[in-house]
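Undergrad: I'd like to ask some things about the structure below.
Read-outs: derived from the displayed coordinates by stated rules, not from any lab. Since the structure is predicted, the reported quantities are computational estimates derived from the model, not experimental observations. Virtual Cβ from ideal backbone geometry, glycine too; neighbours counted across all protein chains shown.
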Amino acid sequence: MKASLANVADRVLSVPGIRNRYLDATRHVVPILLFHRAADAENGIGGYQPSAIQRYLDQVRAADIQVLGLDEVVERYRAGRGVSRPSIAFTADDGYEDQGSVLGDIFAQRELPLTIFLITDFVDGSDWPWDARIHYAFRQTASTAASIPVGSLVLDFDLASERARVLARREFQLICKSLPPASLSAALDSLSGSLDVVIPASPPAPYRPMSWQQARDLEGRGITFAPHSCSHRVFSRLSEEDVRNEMEHSWQRVSSELRRPLKAFAWPVGQDHDFGPREARIARALGFDATLAARHRYSVIRGGEQAATLERIGFGVGDGGESSWRETTGIRRIGLGSRDNAKSMTRSVSHDRLGGLVAESNRRFGRRVRAKALLSMASALMGGYRRPSPAELGEVRRVVFVCQGNICRSPYAAALLRDTGVPTVSCGLGANGIAPADQMAARVAYGRGIDLSGHCSRNVKDVEFRPGDLVLGMQPGHLSAVQPFVVAHGVCASLLGLWAWPPRPWIEDPYGLAPGAFEQAFDLIEESIARLGRDLAHLYRS
């Protein structure tokens, strides 16, 4: 079905009149693709197949898509100068040896521009990335199960199958990325001891970095390079001084070893919680022309910003690049480049993100749940649900979050908002009053800097509602269920997801599902809490 729809879209876009409109609508949209590793099944390293890259680049050339160097994208971005025909740029992160010998060689042979962002301590040979060490440990262990202490958590993992190891490794890595340096080192030591694996000081062959000489040779063949930090540690967990040192020193190393490095910086890991305004301010102060994220979004050229963050789209390794081809040419680009003001552009990017959320919802939660979510979303867009008025929000003195069991969504939402200084309570319609936070919810929350280890569930009937309460459910059924309490106590009620954009009345319950389902639900909760917090600023500014 996906392939047939994509073919229909391709045929529609080939009609001259429609194609001209398409080109005009997307002239400010330049997809920047991101590569990581070449596939190495023997060593358990997932990635792209060289043949898939070659096929993809053949498609790009046959479709007359313009391949821009990242330096030109940055220049156009700062000038607000769009493109006259479909364009794309290519990047890779980290500096593994195969990124030079495989990926770099493919691009150099075809005389196509590619920018590789280097972890400079890795290339120097003085360190290797913490996430690669985690991959190595889970790959090498002979254990079929493990209990790994990390901070206040003890993580119990099944390691009896290859799939179980992959899931355990991803979950452990997710938690570790939020840890400050000392805690990260302790977690790696704990991992090594629990799995009975000695993690070597230097990377084994499958994790080997490219050399500076290899980078210089590739530079001579048209490949450009830029810094990706010294250590690949997540910047949001570092001090301001450490962030500045990482950015400054990695630039110094790249510029001292290479002739024409690009003064752009790729944020380590590069997701929403990995960098922020502090890091952007430091990048501007250090004179970087641009920074790059990895949030699977399109970059929209608008101009006038130094060190603005460009978005990137990961190359689709699981389908031989087919999804990346749809990202490059498909109708999801329409509308992203046709709005000039920042507000409209932000809404467009959010709509693009919605497409991904719908697809993930279908895969992770099932078609029936997705149908309910989409119906409620459509109702919200048509005004079927309402947020409290500014006057009503001005009377709020406490927020009460409601979900079903009070072990996943509502405690996470309450903890997030409580951290801003807003009084909160969480409860569940079916909570038993003694259950701790769900283990997976606690793990994913801990990976985001929220500790739910002390949580104990509370039933909605045990909450003492009072004037000034704002009751927020996670899905429409919760709103109906709390209506008797709303009427009895005269409190205000709504749905948390209405603060997201587009409004999402249904925040799916991830209970019993994989970490990715919790990530999706928690992403939506965080987006909603950020906007809700602004509406309740009177509670923490008074």
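Undergrad: List the equivalent ellipsoid semi-axes of region 362-541 in whole Å, largest first, each obtained as the square root of 5λ for an eigenvalue λ of the Cα gyration tensor.
TA: Equivalent-ellipsoid dimensions as semi-axes: 22, 20, 16 Å.
Undergrad: How far apart, in nanometres, would the label points at residue 156 and residue 105 be if each is projected 7 angstrom from Cα along the Cα-to-Cβ direction?
TA: Placing both labels 7 Å beyond Cα along the Cβ direction yields 4.8 nm.
Undergrad: Can you bin every Cα-Cα distance in region 175-311 into 5 Å intervals starting at zero and give me the percent of pairs per bin, rounded to whole numbers?
TA: 2, 9, 16, 18, 18, 17, 11, 6, 2, 1, 0
Undergrad: Ok, one more. Any idea which of 195, 147, 164 is furthest toward the positive side of the dipole for region 130-201, if Lys and Arg beta-carbons carry +1 and Asp and Glu beta-carbons -1?
TA: Among 195, 147, 164, the one farthest towards the positive end of the dipole of region 130-201 is 164.
Undergrad: Moving to a separate point now. Could you compute how fast region 130-201 diffuses translationally, taking Rh as the Kirkwood radius over C-alpha pairs and applying Stokes-Einstein at 25 °C with viscosity 0.890 mPa s? Give it in µm² per second.
TA: The diffusion coefficient I find is 206 µm²/s.
Undergrad: Provide 461, 177 in ascending order of the number of other Cβ atoms located within 10 Å of each residue's Cβ, fewest first.
TA: 461, 177
Undergrad: Among 492, 408, 176, 456, rank each residue by its count of other Cβ atoms within 10 Å, from fewest to most, as a rough exposure measure.
TA: Least to most surrounded, the residues fall as 456, 492, 176, 408.
Undergrad: Okay, next question. With +1 on each Lys and Arg Cβ and -1 on each Asp and Glu Cβ, and nothing else charged, work out how big the dipole of region 362-541 is about its Cα centre, in Debye to the nearest 20.
TA: It works out to roughly 380 debye.
Undergrad: In µm²/s, what is D for region 416-503 at 10 °C and 1.306 mPa s, where D = kT/(6 pi eta Rh) by Stokes-Einstein and Rh is the Kirkwood radius from Cα pairs?
TA: 110
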